[in-house]
C-alpha cells in the first residue's frame, strides 16, 4: 500500500490573484492548514498551501509561487498528498478509511469476504463487503455489526444483522 494519502483536491480558482478552492477529504477540514507541505501522487511537485478560510464545503487557499488566475487554473484537479505518518493520531476505535479497505471479513471462523469500499452519505459509515460469491453488499459500520477490527492482523469480524442473513447466505 502507498505511503501517501490524498487529503484534498484543488477544484477551482477564486478571484484574479491566484487563490484556489480546495475540497478537503478530512473529518476536520481545517486540519489541512497544518498538514503540509503537500505533494502530487508521483511526489514530483511540492505545494505549500496557506488556508485563508472555509467557503461552504471548500477551503479558500493560496499556493506558494502562484500569484495569478492563469497559474491557479493549471492546478485544477490536482490531488494533494501527504505521508500517512503526518495524519493526526486517531482515538481508540477510530479508523482511517484506507485502513479498512482490503481487510479480510470473518464471520466466526468462516471467511466471509473483503472490505471493498467505505462510504458515508451523511447517516454514518457504510462498509461495502465483497462476499465470497462475488456479490457486494453494504453494511452499517457499527460496533454491533463489526465488534472486532484488527488492523494489525488485517481482519474485521462481522455479526450479520438479522435482516441481512437471508441475502448473505443464499446460494
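Throughout, read-outs are computed from the coordinates displayed, never taken from laboratory work. Every value quoted in this text rests on a predicted model; they were computed, and no experiment measured them. Positions of Cβ are backbone-derived with ideal geometry, glycine not excepted, and every protein chain shown enters the neighbour counts.
Every helix of 4 or more DSSP H residues in the chain counts as -39500 (n - 2.57), and over all residues that averages to -2000 deg cm²/dmol at 222 nm. What does the C-alpha gyration tensor say about the overall shape of region 67-114? Classify as rounded when a/c is under 1.5, otherwise prolate if a/b is larger than b/c, or oblate. Verdict is prolate for region 67-114. Here region 13-41 and region 55-74 have alpha carbon centers that stand 8 Å from each other. Across region 4-86, C-alpha contacts under 8 Å between residues 6 or more apart give a mean separation that, scaled by the residue count, equals a relative contact order of 43 percent. Normalised by residue count, the chain yields a Cα convex hull volume of 134 Å³ per residue. Full extension of the segment from residue 95 to residue 120, taken as 0.36 nm per residue of separation minus the current Cα-Cα distance, would add 7.6 nm. Using the Cβ-Cβ distance between residue 67 and residue 162 with R0 set to 41 Å, the FRET efficiency from 1/(1 + (r/R0)^6) comes to roughly 0.10.
The distance between label points at residue 41 and residue 145 comes to 2.8 nm (points 7 Å beyond Cα on the Cα→Cβ vector).
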